[in-house]
Amino acid sequence: MFDSFIRLVRDIYQTDQFIPLHEPRFLGKEKQYLLDVIDSTFVSSVGPYVGQFEAKIAEYCGAKHAIATVNGTAALHVALLLAGVKPGEEVMTQPVTFVATCNAINYCGAEPVFVDVDRATLGLSPRALADFLAEFGEQRVDGVWNKRSGKRIAACLPMHTFGQPCDMLGLLQVCERHGIPLVEDAAEALGSHIVGSNSFDPSAVSANEFAPTPATKHAKYCGTFGKLGVLSFNGNKIITTGGGGMILTDDDELARQAKHLTTTAKLPHAWRFVHDQVGYNYRLPNLNAALGLAQLEQMPLFVQRKRELAERYIAWANDAGVEIVVEPVGARANYWLNALLLSDEAERERFLTDSNAQGVMTRPLWELMPNLPMYSHCQTDDLCNSRWLAERLVNIPSSVVS
Ligand SMILES: Cc1ncc(COP(=O)(O)O)c(C=O)c1O
């Protein structure tokens, strides 16, 4: 199985050299737009590409507003602040995530509480969330309080792992029942979407069709389900701005505040410097936005190639008798990173050692968040599925094939 995997990856990428997990592709107007920015001298925090990039992302995702930020972590920080997370409060999230999700909670002075993921989605489980709230939640006039910690549960922050959509309709139901604001960490999930909800018609989309850009009434995109959603354009993501992020929201006032907070809370004026609160210098530079705009123009191609790549891996896995992560029923994933589920920890270790020794980069799941020293004291449920996944999962090379 190991040998046939290495042969497959080398055949896909047509190289004997090192094959990384994910590298960017610049196949469009990147150089043209970057040169335009340099010629204009507007390389920093002011310039037309920021607004254009925001408008195009909002249109692509079907969000009313998109606010660009310097990276996805900054976007998460501000999104949580705007959802109302305050020092001494708690945020429900999943242990299967990149550390930035929890760090953003920490920057607000709050603490994560970890509940399990579903194996089918790799994302926060509505059932686990409902069970936790039934056991520990106490409904008061100002929201839900955790009976064990005595702290208010200020928000819920699911993450769409490797671009596989969480069960958002289930999570929304639980959050709405308890009056908990939902913020989505869609850092990895630009373009991933769900077909079907009360407001759009699932029967109108055939099972294998990936909704063309932009979002239609038949498809709802990751990052647009909650009060606020967050994207990342880090170098390893499906499109990159070098470093960058985006806050999505349909709420006009939240969008205004997001722009204000991420741009040092400066009151608009031609020459005076007046700031009305402690804001953040989280603006995305015009230079990075230009790169992002050129990348976004290639999203249909990138998604198509990613899904073709996933199909090749799925066909191989079926032949080799290996379990592979496939999109959940009713979801269309961008397949940002493909993942295998090996039979146990020992096989996973052999696979990681063998593939990396042969110059094909593979990696295990992130260390579960409550295993990290900063988050080891945080409350969890049994995390049964998260531990199961952590023992078996490996990510395999997933760059767009050019
Ligand atoms: C799940 C998740 N959340 C947040 C981030 C943070 O994004 P950034 O690196 O742009 O700060 C990333 C990726 O880097 C991520 O994968």
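Observations
- Peptide packing for 275-283, 20-28 was compared via the average number of neighbouring C-beta atoms within 10 Å per residue; ordered from the highest value, the list is 20-28, 275-283.
- Given charges at Cβ of Lys, Arg, Asp, Glu: region 1-139 dipole, positive-most of Leu122, Phe2, Pro48: Pro48
- Leu372-Ile6 FRET efficiency (beta carbon distance; Förster radius 45 Å; 0.05 resolution): 0.90
- Per-residue extension of 0.36 nm, minus the Cα-Cα distance of Glu345 and Trp388, leaves a gain of 14.5 nm for this segment.
- Near-label residues of region 367-402 by backbone N, under 15 Å of a point 7 Å along Cα→Cβ of Asp131: 380-389
- Sum of side-chain charges, Leu133 neighbourhood, beta-carbon under 14 Å (Lys, Arg +1; Asp, Glu -1): 0
- Farthest toward positive dipole pole in region 297-390 [+1 Lys/Arg, -1 Asp/Glu at C-beta], among Asn371, Gln298, Ser386: Gln298
- Table column - 3J(HN,Hα) (Hz), region 340-351, Karplus curve with 6.51, -1.76, 1.60, x for Gly and Pro: 9, 10, 7, 6, 6, 5, 5, 5, 4, 5, 5, 5
- Cα centre as origin, Lys/Arg/Asp/Glu Cβ charges: region 30-298 dipole, Debye: 460 debye
- Of Pro112, Gly84, Val322, farthest towards positive along the dipole that unit charges on Lys, Arg, Asp, Glu beta carbons give the chain: Gly84
- Taking other C-beta atoms within 10 angstrom as a stand-in for reagent exposure, Phe351, Phe225, Phe233 fall in the order Phe351, Phe225, Phe233, fewest first.
- Local charge for Gly226 was computed over the other residues whose Cβ lies under 12 Å away, with Lys and Arg +1 and Asp and Glu -1, and equals -3.
- Dipole magnitude of region 51-116 about its Cα centre (Cβ charges: Lys, Arg +1; Asp, Glu -1), debye to nearest 20: 220 debye
- Modelled FRET efficiency - R0 30 Å, Ser402 with Ala357, Cβ distances, 0.05 increments: 0.70
- Subset of Lys227/Lys306; Lys64/Lys259; Lys64/Lys306; Lys64/Lys220; Lys29/Lys56 violating a 20 Å alpha-carbon distance limit: Lys227/Lys306; Lys64/Lys306
- Take the Cα of Phe18, go 7 Å toward its beta carbon, and the backbone nitrogen atoms of region 339-382 under 14 Å from that spot belong to 356-362.
- Convex hull volume of the Cα atoms of the chain, normalised per residue: 142 Å³.
- Going from the residue with the fewest nearby Cβ atoms within 10 Å to the one with the most, Cys108, Cys102, Cys166 rank Cys108, Cys102, Cys166.
- Net charge over other residues, Cβ less than 14 angstrom from the Cβ of Asn281 (K, R count +1; D, E count -1): +3
- Under the convention that each Lys and Arg Cβ holds +1 and each Asp and Glu Cβ holds -1, the size of the dipole of region 85-172 around its Cα centre is about 140 debye.
Rule-based calculations on the coordinates, nothing more; no lab input. No experiment lies behind these values; they were computed from the predicted model shown. Neighbour counts are summed over all protein chains in view; Cβ atoms, including those assigned to glycine, are modelled from backbone coordinates with ideal geometry.
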